[in-house]
Each structure stands twice: as structure tokens, then as C-alpha cells.
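The values are calculated or read from the model by the stated rules, or taken from the named source; none is laboratory data. Computed from a predicted model, the values in this text were never measured in an experiment. Neighbour counts run over all protein chains shown; Cβ positions are idealised from the backbone, glycine included. The protein model used for the area step is the full one, side chains on, heavy atoms only, and it has no ligands, DNA or RNA in it. Shrake-Rupley method; radii C 1.70, N 1.55, O 1.52, S 1.80 Å.
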Amino acid sequence: MSLYHQQHVQAGRHGFSRRSFLRNVSLGAMAAGTLSFHDLMSVSAEELRKQGRSMILLWMSGGPSQFETFDPKPGTSSAGDKAPIQTAVSGIEISEEWKETAKVMQELALIRSMTNKEGNHQRATYQMHTGYIPSGSVKHPSLGSNIVREIGNRELEIPSIVSVGATNGAGFLGVDYEPFNVSNPGSIPNNVAATVPDQRYQKRLGLLGRLDTEFASRGGEVVVKNHSKIYNKASAMVLSPQTKVFDLSEEPDTLRRQYGENNFGKGCLLARRLVEAGSSFIEVRSNGWDNHFDISESITQRSQEVDAGMATLISDLKQRGMLDRTLVVWMGEFGRTPKINARNGRDHYPRVFSAALAGGGVKGGQVIGSSTKDGSAVQDRPVTVTDLFCSICQSLNVNPKKENMSPLGRPMKIVDGGEVVQELFS
């Protein structure tokens, strides 16, 4: 490489700037006849994994009501008893329980015209994580697993994909892309600290390897291969000083309080630390959004926990210069009915609901699409699940049409159909 090219390769958070790297190294090498087209594609893919992009999914398990969150309908029979409040962006109102989120509205894009057909929790959750409806013949990988396969840092000693709470897995992509589950955010996960000195631990691993080799020779190759992958990943984390990323006690008390002293707030703070350490996809789950009963009381508690955690996460990422490369997505499996039922709750309603995005190149301070006056249908600019997924891929520089081979020998795209919601980026 020439001195000129050496001087113009710009270092990023986890590697080189894609634009300068490919312009100065790849084109220069091709011109010199030392880099083939195949080599260029390999360099591009590897560089993409090092560019430091990531996504944090804030998952509202149960299906959050759009009326009590980001699409209030004051003065209508659909409104409920939560009043709308003004946000930092003139003309955009959200429910009164989201006061902290209202302050960072300039960073958020609200989609009020999400639409789908799945009204069953299990099926809708599967679809909103994978982009596919459930099938008895194949277990689809989650979008997070696909993202990590494309842009995850393979040299990272901590997991590239983490979930605070149970979530959908890697499906046919295999154990390499399974989420690492954290059940108690704020402390070091159980069983990740070595109970013996490192030298003795390594000897134990050597013994395990010999046992696995013997078992493989007797016909257990596939089992041993997957077993070895899991143990290798776990061992790298156990022996790595990066494991301290899970310990939130290193953060200032004031910041921990801003995030919230609850599992969701701690999960959001952990997500920021994981992104900072190089993880590519983190999901933080909030349970309790299936509000068939007494929605006014139950949603107040849920909203206040999520409001503080989400708003602080967005502010913290921006302050640290990380928001441009970190996409934050808030959503659940569907919305709730315009009509409040006899139990003072709202039932499942996939026909129209809301989602919110910030960072990752998304243009904040805007509302995309709208529902009708009573919130019973999409009024304009419908956005489907696959549209949303294509837009997420656009933010992360992932090709949504890339195909992976399923166990049945059928090529399956990361996202099958859909179009990018261009308004998010313009």
C-alpha cells in the first residue's frame, strides 16, 4: 500500500471508515492489479462488520396501545383518559405518560400507520422479530441474528447479540447467532466467572476437547461441532476482561437513576454499554403491555418505566457521539382496539398501530403516516412489517434481499418483500 493510501485510511470506532477504506485501499489495489473483484467483495464485507453500526430494539411485549403512547386521539371516543402533551417538536403530541420522551422528540420519527394482519401474540411476536409468519417446516432466524451475521464483529469476546429477557432465536442460522440472554441486568451474568485459575481452566478445556474428539469419531460430529462453538464462545467471555461491561456499578449513580432503577432502565443502560463495547444487536424487553383490563392504571406504570429508560438512552447515545451509528427502535407485536372494552381495557388490534425510531441516520422530529380520526384504520402512508424491516436494514447498511440457505435447501431472503420508508432518511 502506498504512503498516500496509508495516510487516508481513517480509523473508526471498531475499524476503518468504509468510504475511505474502499476508495483508497480497494480501488488503489485494483488499479495496481493486486486485488481481484472477489478479494474486493471480501474486503468490503469484512470492513462492513467493523464499521461499528448497531441496533437496540426496545420491545413492548403484549402489544402497546397506540392511544396511550404515540397516537393519542383527544376529543374522540377512542381517547381514553390520558391527555396528550406537547413535545419538543411543535405540532407533535404524545400521551401524557411520556414526558421524558417528549423532550427528545427531535431525535424520534413516529410511524403512526403500521399495519399487519396477525392478532395472535405468539404469531405476531414471531413475525415482528423475523419478518416471516410461523411455518411448521422451518424456523426463521430473527432479524437481529441476521444483522449480526452481516455486520457483527467476529473477534468480539463478548456476545454480539444480547437480549435482556427471552426472545426469538437464530433459527436455521445456528448457534453462532443465538442471543445471549440476560435475566438480571445490572450485574455480571451467572456462570461467566472462572471458578479456578486460568491455567487450570485451560487444562479442563483441553480435557473436554479430547472427550469431544473421541465422541465425534463415533458419529457425533454435528453435536460436537455445535457443542464446541458454544463452549468456545463461553470460554472467550469467561476469560475476557470485557465481561465487566455487564457490571453497571461502574456508571455514575446519577446516570443510573436517570435510566431508572428497574429492569427496563438497567437494560437500556446495559444496551448502551454493550454498543460501546462492540455488540451489534441488543434487545431490551418490557413486559405487561397486554392490557385487556384496567388499561389506565396498568399502562401508567409500564409507560413511566419505559419513558425514562428510552429517553435517557437516546440522550446518552447522542451525548457520546454514538447515536448516528446506533438505531433505536421501539415497537410491540400489534396495537390495541379503538374501543375500550367492558373491562376498561383494550383488545388486540393489528390493523393499525405505532412504532418509533431514533438514530442510525433516521431523521427525527417527524411523524410518518396517520390513522383515521378514531384510530380504527390507516388514513395515509401504510407501513408494513417488511417495509419497517427494509428500513432497519437501510439504516444498518445490510442488504435485505441477501439470501441464506434454509435446511430444506430453499434460499430465504433476510426480508422477503417490502420497501424502504424513504421519509425516515430524507
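When V196 is tested against (1) of a type in the set (A, V, I, L, M); (2) at pLDDT 90 or above; (3) open to solvent by less than 40 Å² (accessible area, probe 1.4 Å), only condition (2) is not met. In summary, F215 fulfils each of the numbered conditions (1) more than 23 Å from L156 (Cα to Cα); (2) open to solvent by 60 Å² or more (accessible area, probe 1.4 Å); (3) modelled with pLDDT of 60 or more with the single exception of condition (3).
What number of residues within the range 290-301 satisfy the criterion of being part of a helix (DSSP H, G or I) and either surrounded by fewer than 23 Cβ atoms within 10 Å (Cβ to Cβ) or free of Cβ contacts under 8 Å to residues at least 12 places away in the same chain (or both)? It would help to see each step written out before you state the result.
Filtering the range 290-301 for residues part of a helix (DSSP H, G or I) gives 295-301.
Cutting the leftovers down to either surrounded by fewer than 23 Cβ atoms within 10 Å (Cβ to Cβ) or free of Cβ contacts under 8 Å to residues at least 12 places away in the same chain (or both) gives us 296-298, 300-301.
Matching residues across the range 290-301 total 5.
Selection of the range 50-68 for residues being more than 20 Å from the chain's Cα centre (by Cα) and either among the hydroxyl-bearing types (S, T, Y) or open to solvent by 20 Å² or more (accessible area, probe 1.4 Å) (or both) yields only S65.
Using the structure shown, decide if D374 is in a loop (DSSP other than H, G, I, E, B), under 20 Å from E93 (Cα atoms) and open to solvent by 30 Å² or more (accessible area, probe 1.4 Å).
Yes: the conditions hold for D374.
The residue list N263, N287 contains one member that is under 28 Å from S240 (Cβ atoms) and out of contact with any helix residue (DSSP H, G or I) (no Cβ under 8 Å at 6 or more places or on another chain), which is N263.
Filter the range 359-371 down to residues that are of a type outside the set (A, V, I, L, M), assigned to a strand (DSSP E or B) and crowded, with 19+ Cβ neighbours inside 10 Å, then give me how many there are.
1
Considering only the range 163-178, state which residues are open to solvent by 30 Å² or more (accessible area, probe 1.4 Å) and not aliphatic (A, V, I, L, M). The answer is T167, N168, F172, D176, Y177, E178.
Here the condition is being under 18 Å from the mean Cα position of the chain (by Cα) and either touching a residue at least 40 places away in the same chain (Cβ under 8 Å) or in a loop (DSSP other than H, G, I, E, B) (or both); of A356, A342, it holds for A356 alone. Against the conditions (1) in contact (Cβ under 8 Å) with a residue 60 or more places away in the chain; (2) more than 19 Å from the chain's Cα centre (by Cα), G91 satisfies every one except (1).
Suppose we keep only residues that are among the hydrophobic types (A, V, I, L, M, F, W, C) and open to solvent by less than 30 Å² (accessible area, probe 1.4 Å) within the range 69-88. Which one would you say is farthest from the chain's Cα centre (by Cα)? Explain how you work it out, then say what you get.
Of the residues in the range 69-88, the ones among the hydrophobic types (A, V, I, L, M, F, W, C) are 70, 79, 83, 85, 88.
Now drop any that are not open to solvent by less than 30 Å² (accessible area, probe 1.4 Å), which leaves 70, 79.
On the way: F70: 20, A79: 30 Å.
Across the range 69-88, the extreme among qualifying residues is A79.
Applying the set (1) under 30 Å from R257 (Cβ atoms); (2) touching a strand residue (DSSP E or B) at 6+ places or on another chain (Cβ under 6 Å); (3) not in a strand (DSSP E or B) to V328 leaves exactly one unmet item: (3). Each residue in the range 243-289 was checked for being free of Cβ contacts under 8 Å to residues at least 12 places away in the same chain and of a type outside the set (S, T, Y), and 5 of them qualify. From the list G131, G144, G152, pick out the single residue that is open to solvent by less than 30 Å² (accessible area, probe 1.4 Å), at positive phi and not β-branched (V, I, T). Checking each option against the conditions leaves just G131.
State whether the residues of the range 218-225 include one that is open to solvent by less than 10 Å² (accessible area, probe 1.4 Å) and either modelled with pLDDT of 95 or more or outside any helix (DSSP H, G or I) (or both). Let's see the steps before the verdict.
Step one: of the range 218-225, the residues open to solvent by less than 10 Å² (accessible area, probe 1.4 Å) are 220.
Now narrow it down to the ones that are either modelled with pLDDT of 95 or more or outside any helix (DSSP H, G or I) (or both): 220.
Yes, some residue in the range 218-225 is open to solvent by less than 10 Å² (accessible area, probe 1.4 Å) and either modelled with pLDDT of 95 or more or outside any helix (DSSP H, G or I) (or both).
Give the residues of the range 267-288 that are in a helix (DSSP H, G or I) and more than 14 Å from I314 (Cα to Cα), sorted by residue number. If the condition is that a residue be in a helix (DSSP H, G or I) and more than 14 Å from I314 (Cα to Cα), then L274, A277 are the ones that fit.
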